[in-house]
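Okay, so here's the structure we're looking at.
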Amino acid sequence: MDKEFEDLFTKELDAIRSKRLKLKQSTENINKNLVGLALSGGGVRSATINLGFLQVMNRIGFLKKADYISSVSGGGYIGSYIHSKLRKNISADDPYKELFLQEDIDHFRRHGRYLTPSKNKLLNYSSLIGGYFVTALLHLIWYVTFALFIGYLIKWLDSKVLLYIGIVAFFALALTSIYYYFFHFLRNFPKIYKKLWLPKKLIITEGFLALMVLILSVFYIADLLPDIAKFSTGQTVLILGVLSLIFGSFANPNILSSHMFYNFSLKDAYLWFERTPRKIYELSPGSSAKKWGSAPYPLINTTLNLMGKDNYKGLKSCDYFLFSPFYSGSKLTGYVPTNKSEYKNMTLSTAMTISGAAVNSNMGYKTNRYLAFFMTMLNIRLGYWALNPKIITKKNKNFIEKLAYVCAKTINYWPTFWPYCNLAELFGLQTLKRWRINLSDGGHIENMGVYELLRRRCKLIISIDAGADPEYAFSDLKNLLIRARNELGLAIEFRSEPEDEIRPKASSGFSNKHYCVADIYELTMEEDGIKKHIGIFVYIKSSMMALKYNGNLKYKLMEDPEDTTLMFDAFKYKTYHPTFPHESTTDQFFDKAQWDAYYYLGRSMGFEVLKDIKDILENTKTKRLKSKKMADYEIFDLFNVLK
């Protein structure tokens with residue numbers, strides 16, 4: 001554990017200690033019995049399943065036991081609701097009673113189609129047009145202004161030589177194109193074919209000539225540009241140059257993209273009760289961690305995209321980037337206090353939106369440079385350009401950086417020429433040396449939100465995997481296991497295989513269980529060869545178990561009787577939607593029947609899993625006592641926390 005992260009972790013422990021004292025929970029050996037809850041990505045599907053699951057957790061009093069809530073994407077929708085609601089009711093005797101009220105559930109149900117929440121189709125189309133097309137046009141203003149600036153500059157310079165070169169290149173392209181068009185026909189004549197270029201050389205030549213013609217055609221078009229009334233060409237160049245600088249200073253891609261529309265939609269659906277946007281650092285009641293309230297400490301996970309060439313150890317194109325009330329940052333950028341500089345303006349809804357920015361030009365290790373180019377040009381991106389913590393904490397700043405730093409300290413804004421960010425996205429130039437860094441969906445590096453909990457060595461981790469996995473390939477789980485081993489030096493060993501327990505059986509179409517249990521070990525062994533046990537990992541996956549009947553043919557649920565009928569409705573939904581509960585994440589428009597199906601599935605999963613938590617811990621204690629290959633650990637302290 002590096003020194004910077006150790007300081008961050010110490011402050012988090014102070015907040016957790018304060019939280020436990022307020023809830024009258026055990027504070028002994030607090031760093032050895034931490035309880036973490038991980039909410040995975042998956043859009044509105046994940047948010048709705050997690051809503052049902054967490055409502056059950058809260059109903060039986062188990063949600064209070066969570067020290068951390070680590071969320072990604074859709075899991076962050078409902079996680080942000082919990083954080084903000086508990087902070088809003090911090091003075092209540094038991095703020096947890098204010099969670100998941102019936103009016104809240106009704107609001108979530110009405111906003112299943114959160115991207116088009118209105119019943120009026122005209123208003124929905126208007127919001128989509130305003131959210132994408134208008135911002136896309138505004139996004140192009142700088143490009144158009146700058147293109148005109150270049151055009152008039154060329155006209156002012158009056159370069160005829162380049163024009164002639166362009167004409168020659170055009171005819172060369174035409175000739176090669178004709179040959180390209182009849183290539184398959186000419187292949188039937190071996191003598192002609194062998195004397196001409198092979199396909200690979202032909203394609204390369206075509207591409208080079210096309211690019212040359214495209215660039216040089218700008219010089220020809222420049223000669224055709226009309227003179228603006230009352231202004232000479234030189235004056236026009238000056239005016240357009242000044243306008244390019246002005247527009248560039250205001251062309252903020254965080255605003256002139258779909259990010260803002262997405263932000264407003266999520267806020268209306270999950271943080272509607274906040275009259276003014278709550279800042280992340282305001283989730284803490286005071287500047288001191290010891291004044292923390294009764295809420296779990298939030299960890300909002302995003303992905304830091306690094307497509308440019310960087311001289312740092314490890315050939316990585318992305319990194320984990322964290323938003324939390326006390327610190328924000330990553331291992332590569334370092335961490336900065338969230339109440340400093342621009343991060344002081346970071347709202348909970350914005351962090352939630354970044355964590356859920358699944359559609360973006362840069363998508364962590366999934367990034368395709370060519371696709372990123374066209375997505376940036378078409379302004380199809382939900383990501384965010386945040387201030388680089390490395391720049392803020394940098395000691396030896398140059399003169400320009402010092403001026404920007406003074407401005408940032410004064411008005412909490414680091415001056416930026418925004419077109420550079422757009423060009424960086426176009427050509428993959430994001431590096432750690434820049435003033436701003438590109439952030440996107442946390443699922444672009446680790447979609448389960450478990451990584452940060454493992455990093456903090458939580459004793460009990462409850463992970464709800466609601467990502468789309470219709471084939472039950474467990475790709476997100478496998479990604480986590482590999483990263484835990486390679487990056488954290490931790491092995492996660494399941495007591496029974498998830499494929500055997502959770503994957504639906506061909507004979508019935510249903511799963512045996514919703515969850516599997518694993519033990520977490522350090523890879524390095526003790527001197528006597530005994531593995532060091534770190535904690536317990538309870539992996540829960542969206543799945544369907546067969547209905548259980550009693551003598552009266554009523555479904556056995558630990559719920560109110562009226563919930564039984566609604567649970568049957570969820571099974572009816574699957575009859576007509578076989579991929580349930582793993583319908584595509586591209587479907588973010590849930591109607592009432594679909595929303596209810598996922599919500600009541602989450603409730604059912606909650607009751608089935610949480611009633612077994614005590615048995616899981618008992619089995620772990622028994623396993624430790626019987627095995628000489630496991631190092632001693634504080635499972636008894638965990639019992640004290642959870643009792």
Taking amide H positions as placed in the peptide plane 1.01 Å from N, state which residues far from TYR327 in sequence (5 or more) or on other chains have amide H under 5 Å from it. THR338
Averaging the inverse of every distinct alpha carbon separation and then flipping it gives the Kirkwood radius. What is it for the stretch 577-618, in angstrom units? 12.1 Å
Coil-residue trypsin sites (Lys or Arg not before Pro) of the stretch 474-541, DSSP, other Cβ within 10 Å capped at 16: ARG495, LYS505, LYS532
Testing the spin-label approximation: label points 7 Å from Cα along Cα→Cβ at SER91 and LYS611. State their distance in nm. 4.1 nm
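Which of rounded, prolate, oblate describes the stretch 1-105, given a ≥ b ≥ c as roots of the alpha-carbon gyration tensor eigenvalues and a/c under 1.5 marking rounded, otherwise prolate only if a/b is larger than b/c?
oblate
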Can you compute the FRET efficiency between ARG109 and GLU487 using 1/(1 + (r/R0)^6), with r the Cβ-Cβ distance and R0 = 41 Å? Round to the nearest 0.05. 0.55
What full-extension length gain, to one decimal in nm, is calculated for SER584 and LEU211 as 0.36 nm per residue of separation minus the Cα-Cα distance? 130.4 nm
Taking loop as defined by DSSP and a crowding limit of 12 other beta carbons within 10 Å, which GluC sites (Glu not before Pro) in the stretch 426-495 fit? GLU471
Spelling it out for GLN25: with amide H atoms placed in the peptide plane at 1.01 Å from N, the residues 5 or more places away or on another chain with amide H under 5 Å from its amide H are none
Any idea of the accessible area per residue across the stretch 251-385, 1.4 Å probe, to the nearest Å²? 39 Å²
By average Cβ neighbour count within 10 Å, what is the ranking of 57-66, 262-271, 297-306 from highest down? 297-306, 262-271, 57-66
Sort the stretch 249-291 into rounded, prolate or oblate with this rule: let a ≥ b ≥ c be the square roots of the eigenvalues of the Cα gyration tensor; rounded if a/c is under 1.5, and if a/c is not under 1.5, prolate when a/b is larger than b/c, oblate otherwise. oblate
Solvent exposure, largest accessible area first (probe 1.4 Å, DNA, RNA and ligands not counted), of TRP385, TRP435: TRP435, TRP385
Measure off, as a whole percent, the carbon and sulfur share of the 1.4 Å-probe accessible area of the stretch 40-139, all protein chains present. 57 percent
State, as an integer percentage, the relative contact order of the stretch 443-549 based on alpha-carbon contacts under 8 Å between residues 6 or more apart. 30 percent
Anisotropy class of the stretch 251-407 from Cα gyration tensor, a/c 1.5 cut: oblate
Under-5 Å amide H pairs with LYS279, H placed in peptide plane, nonlocal only: LEU348
Let me have the relative contact order for the stretch 270-420, percent, based on Cα pairs under 8 Å that are six or more residues apart. 22 percent
Taking the Cα-to-Cβ direction at SER232 and at LYS409 and moving 7 Å from each Cα, how far apart do the two end points lie in nm? 4.6 nm
Going residue by residue through the stretch 597-611, the Karplus relation 6.51 cos²θ - 1.76 cosθ + 1.60 with θ = phi - 60° gives ³J(HN,Hα) values, rounded to whole Hz and with x marking Gly or Pro, of 4, 6, 5, 6, 5, x, 5, 4, 4, x, 5, 5, 7, 5, 5
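The values are calculated or read from the model by the stated rules, or taken from the named source; none is laboratory data. Just so it is clear, the structure is predicted and the values come from calculations on it, not from any experiment. For neighbour counting, all protein chains shown are included, and Cβ atoms are generated from backbone atoms with ideal geometry for every residue, glycine included. Only protein heavy atoms, including side chains, enter the accessible area calculation; ligands, DNA and RNA are left aside. Shrake-Rupley method; radii C 1.70, N 1.55, O 1.52, S 1.80 Å.
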